[in-house]
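Scroll down for the structure; my scribbles are underneath it.
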Amino acid sequence: MAKRKRRIEPSFERPAARRRGGALSVSHSDRVLPPQRRRKSSKKRKSRRASRARRSGFFGFMKGFVYWSLVLSLWAGIAGIGVAAFYGAQMPSATTWTIPDRPPNVKILAVDGSLIANRGMTGGEAVGLHEMSTFIPQAVIAIEDRRFYSHFGIDPIGLARAMVENVIQGRLTQGGSTITQQLAKNLFLEPDRTIERKVQEVLLALWLEHKYNKDQILEMYLNRVYFGSGAYGVEAASQRYFHKSAHDVTLAEAALLAGLLKAPSRLSPARDPNAAEERAQVVLSAMRSQGMIGDSELAAAISAPATRAAAYWSGSEHYVADRVMEELPILIGNIERDVVVHTTIDLALQKEAERTIRQLIDEKGKELHVSQGAFVAIDGTGAVRAMVGGYDYANSQFDRASEARRQPGSAFKPFVFMAALEQGRTPDSVRNDAPVKIGTWTPNNYRGKYHGPVTLSEALARSLNSVAAQLAMEAGPKKVIEVAKRMGIESELQSNASIALGTSEVTPLELTAAYIPFANGGFRPQVHFIERATTTQDRLLYKHQGGRAVRVASSEVIGMMNAMMADTLRYGSGRAADFGWPAAGKTGTTQSSRDAWFVGYTSNLVTGVWFGNDDGRPTKATGSSLPAEAWRKFMSAAHKGVPATPLPGGWQPAGPREAPPIVEQAVGNASERLEPSQASAQRSSRRPVPPADVGGPPQKRQLSIMEIILGN
């Protein structure tokens, strides 16, 4: 049996084996390098390795950071592209994107071209960059988007800065949106804070930058952005806060406007003037730091007085603007573009009427228990020259001049007397002023005083109720209504005996308009506020066609009525209204003095005044007190420097026209009886009144406005 072979393995452990059996072995001396030298080389390698590790530690970290940042950025970019593609795919094709039309504005102008008001969703018309103050775009860019002219619609630097600021503050304090992004949001998107809306905003901003240049984008933004208090666009805001055009805005005012963009409602000077001023100074500092203004300009702007604005539109001209907006769609149809409306309003007369109403209520309203007033002035062609609908538009926008119906009281009597004249009576006809009873109704004179036999002229001048009731029954209530409607009353009138005392309600506007034929010789024109309407490019949309006014009364009847109502100012209930011009009119006071009126006229202007309370509470005013005084103040100012002209007419009394011997002097709510000598002395102390020359030779009589217009 063969001997089994044994495998011999090399070993470093047993060197003696070689001596005993010659087995294969390797000793330490047989190695390439001696043991001691090998250990020394290993230490050096470790030292070099550690040194390299120390040297490459920071750079290695940075290398890794850059690497992984690039990787993450790449994936973030891919994710961003995916999100943009996802939400972009849900948007309409870019070829269909168009700038939506700006809501139309209606610019309402006075007869001299000055601005009355703007109406519409924006509150002002659009203006070009070249038409506005250069401070406005500078201020907006300085505080909203300082790199506006260098970025491509998105500002990465501004976005990064906003993110850092938000992290530092621990809350969302800055948005980082560019002006282009804000415009895109205002034009196309809802104000939702969602990823979808933000992605769409970015895409739309890129589209805007591609399609329009920077100036066009900035102009669109400034004409559409919200500035608070209902003002959209710089023109609306300039008018709202400064009562001036955007062209005339100063540096301090431009800074205030730019500051509003951060929080328009909260920072509005109409709500918080101090907050608006503080924000404006931040804007000014930003403009200075960017070199847009110098130190002297900064100092002057900071020292400018703070802006104070009314919480709501103020000024009686806004009653007119509201009326214009009611009528305009009827005249031109739907308003789909900017419109310029030229009205008949004389702003100087409008302000005078407003000042008169407010002054008298401030001075005597508390004493006489009066809180409201209304005022209407119309010329002989039917053009409304002034209309005040209340004491203060800011507190109440209800138009008492054209919308409130109140009993006219004795101011309605001229139509009763006119009906009697048309049936053959004259101002010299006599009626007995005494208590009368009509059915169950017994009309009483003011303070229960009766004068016995009087002429119709004296009865109207003294506003005697008993005579008016007699004439109404003689002519018939239907005849009285027919005359009133023919003259211009449009409200429904009750056909009964009490119509003689003005118990049917009318508006101050229509009652004043119904007196126009007395002033122009018997013609009823179309009452109007709007002379013409055009586009901003001056293309005519509407023009008032005056035409020939309708004759509603004969010149003889008009002459008799003018002579009788002139006596109202000469010695009757309207003496307080006399201002030294040929004029006529009629007072009116309703039961318990709930309404006090005076409607009067010259050959140039017809004016009606009403005082009272909205809730119908009794007052202590009469037509011969507060309304007559207001009428006189206004008409004196309106006729200053205008040559006196007589009232139209064709009648003269049979004898000399002298005041009756007994005169009642109205003082507030009291009536004072004067003796004939006192009355004569009082008349002689008054300013001389130019002769009316009623019924004089035609070649010498001056024609009225209406007769000149109609060629009569």
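The values are calculated or read from the model by the stated rules, or taken from the named source; none is laboratory data. Everything numeric in this text was worked out from a predicted model, so none of it was measured. Note that we place each Cβ from the backbone using ideal geometry, even for glycine, and neighbour counts take in every protein chain shown. Protein only, heavy atoms only, side chains kept; ligands, DNA and RNA dropped before computing areas. Shrake-Rupley method; radii C 1.70, N 1.55, O 1.52, S 1.80 Å.
For region 198-241, how many residues are closer than 22 Å to LYS262 by Cβ and without any contact (Cβ under 8 Å) to a residue 12 or more places away in the chain?
Qualifying residue count for the region: 1.
Being of a type in the set (S, T, N, Q) and open to solvent by 10 Å² or more (accessible area, probe 1.4 Å) is the filter here; which residues of region 608-621 pass it?
THR619, the sole residue that qualifies.
Of ARG406, ARG447, ARG462, which residue is in contact with a Gly (Cβ under 8 Å, 6 or more places away or on another chain), at pLDDT below 95 and among the charged types (D, E, K, R)?
From the options ARG406, ARG447, ARG462, the qualifying one is ARG462.
Against the definition (among the aliphatic types (A, V, I, L, M), within 30 Å of the chain's Cα centre (by Cα) and buried (at least 24 other Cβ atoms within 10 Å of the Cβ)), how does VAL527 come out, yes or no?
Here the answer is no, as VAL527 does not meet what is asked.
Would you check if there is a residue in region 581-598 being open to solvent by 20 Å² or more (accessible area, probe 1.4 Å), of a type in the set (Ser, Thr, Tyr), touching a residue at least 60 places away in the same chain (Cβ under 8 Å) and not in a helix (DSSP H, G or I)?
Within region 581-598, one or more residues are open to solvent by 20 Å² or more (accessible area, probe 1.4 Å), of a type in the set (Ser, Thr, Tyr), touching a residue at least 60 places away in the same chain (Cβ under 8 Å) and not in a helix (DSSP H, G or I).
Testing VAL370 on (1) more than 30 Å from LYS640 (Cβ to Cβ); (2) open to solvent by less than 20 Å² (accessible area, probe 1.4 Å); (3) touching a Ser or Thr at 6+ places or on another chain (Cβ under 6 Å), one condition comes back false. Which one is that?
Unmet for VAL370, out of (1) more than 30 Å from LYS640 (Cβ to Cβ); (2) open to solvent by less than 20 Å² (accessible area, probe 1.4 Å); (3) touching a Ser or Thr at 6+ places or on another chain (Cβ under 6 Å): (1).
Is at least one residue of region 604-614 over 30 Å from the mean Cα position of the chain (by Cα) and outside any helix (DSSP H, G or I)?
yes
Would you point out which residue out of GLU253, GLU278 is among the charged types (D, E, K, R), under 12 Å from ALA304 (Cα atoms) and either at pLDDT 95 or above or more than 23 Å from the chain's Cα centre (by Cα) (or both)?
GLU253
Return the total of residues in region 90-109 being at pLDDT 60 or above and in a helix (DSSP H, G or I).
Result for region 90-109: 2.
State yes or no: is ARG358 closer than 26 Å to PRO408 by Cα, surrounded by fewer than 18 Cβ atoms within 10 Å (Cβ to Cβ) and not hydroxyl-bearing (Ser, Thr, Tyr)?
Here the answer is yes, as ARG358 does meet what is asked.
With respect to GLU474, determine if the residue is acidic (Asp, Glu), surrounded by 15 or more Cβ atoms within 10 Å (Cβ to Cβ) and farther than 20 Å from THR568 by Cα.
no
From the set of residues in region 290-328 that are outside any loop (DSSP other than H, G, I, E, B), open to solvent by 60 Å² or more (accessible area, probe 1.4 Å) and of a type outside the set (A, V, I, L, M), which is farthest from SER402 (Cα to Cα)?
The extreme case among them is ASP295.
Which number in (1) at pLDDT 95 or above; (2) of a type in the set (S, T, N, Q); (3) under 30 Å from the mean Cα position of the chain (by Cα); (4) more than 29 Å from PHE398 (Cα to Cα) marks the one condition that ASN562 misses?
(3)
Listed residues ALA377, ALA404, ALA386; which is assigned to a loop (DSSP other than H, G, I, E, B) and under 19 Å from GLU510 (Cα atoms)?
Only one candidate qualifies: ALA404.
Taking the options ALA630, ALA644, ALA638, name whichever one is over 25 Å from PHE398 (Cα atoms), under 30 Å from the mean Cα position of the chain (by Cα) and among the aliphatic types (A, V, I, L, M).
ALA638
Could you tell me whether SER636 is assigned to a helix (DSSP H, G or I), more than 23 Å from PRO427 (Cβ to Cβ) and free of Cβ contacts under 8 Å to residues at least 40 places away in the same chain?
Taking the combined requirement at face value, the residue does not satisfy it.
Among the listed residues ILE168, ILE195, ILE154, which satisfies the condition of being of a type outside the set (Ser, Thr, Tyr) and at pLDDT 85 or above?
ILE154
Scanning for something of a type in the set (Val, Ile, Thr), assigned to a helix (DSSP H, G or I), in contact (Cβ under 8 Å) with a residue 60 or more places away in the chain and at negative phi, does region 347-356 turn up at least one residue?
Yes, that holds for at least one residue.
If you go through region 110-139 one residue at a time, how many are outside any loop (DSSP other than H, G, I, E, B) and either of a type in the set (S, T, N, Q) or buried (at least 19 other Cβ atoms within 10 Å of the Cβ) (or both)?
Count: 9.
I'd like the full set of residues that are open to solvent by less than 60 Å² (accessible area, probe 1.4 Å) and without any contact (Cβ under 8 Å) to a residue 24 or more places away in the chain, limited to region 273-289.
Within region 273-289, ALA275, ARG279 qualify.
Kindly indicate the residue of region 220-248 that is within 12 Å of GLY123 (Cα to Cα) and among the polar types (S, T, N, Q) and also modelled with the lowest pLDDT among those meeting that condition.
Looking at the filtered set, the residue picked out is SER229.
Residue check, GLU363 against (1) in contact with a Pro (Cβ under 8 Å, 6 or more places away or on another chain); (2) over 22 Å from THR568 (Cα atoms), all met but one. Which one?
Result: GLU363 fails condition (1) only.
Residue under question is VAL454, and the condition is that it be over 49 Å from the mean Cα position of the chain (by Cα), of a type in the set (A, V, I, L, M, F, W, C) and closer than 19 Å to SER624 by Cβ; does it hold?
Spelling it out, VAL454 is indeed over 49 Å from the mean Cα position of the chain (by Cα), of a type in the set (A, V, I, L, M, F, W, C) and closer than 19 Å to SER624 by Cβ.
Taking LEU421 as meeting all but one of (1) part of a loop (DSSP other than H, G, I, E, B); (2) over 28 Å from LEU360 (Cβ atoms); (3) of a type outside the set (Gly, Ala, Ser), write down the number of the exception.
(1)
Name every residue in region 488-503 that is farther than 18 Å from LEU460 by Cα and either surrounded by fewer than 20 Cβ atoms within 10 Å (Cβ to Cβ) or under 34 Å from the mean Cα position of the chain (by Cα) (or both), in order of residue number.
Within region 488-503, GLY488, ILE489, GLU490, SER491, GLU492, GLN494, SER495, ASN496 qualify.
PRO443 fails exactly one of the following numbered conditions: (1) open to solvent by 60 Å² or more (accessible area, probe 1.4 Å); (2) part of a loop (DSSP other than H, G, I, E, B). What is the number of that condition?
(1)
Of the residues ALA321, ALA311, only one is under 28 Å from the mean Cα position of the chain (by Cα), within 23 Å of ALA258 (Cβ to Cβ) and among the small types (Gly, Ala, Ser); which?
ALA311
What is the residue count in region 217-251 for residues that are under 13 Å from MET132 (Cα atoms), open to solvent by 10 Å² or more (accessible area, probe 1.4 Å) and small (Gly, Ala, Ser)?
1
Among the residues of region 242-282, which ones are in a loop (DSSP other than H, G, I, E, B) and under 16 Å from ALA231 (Cβ atoms)?
HIS243, LYS244, SER245, VAL249, LEU261, LYS262, ALA263, SER268, PRO269, ALA270, ARG271, ASP272 - these are the residues of region 242-282 that are in a loop (DSSP other than H, G, I, E, B) and under 16 Å from ALA231 (Cβ atoms).
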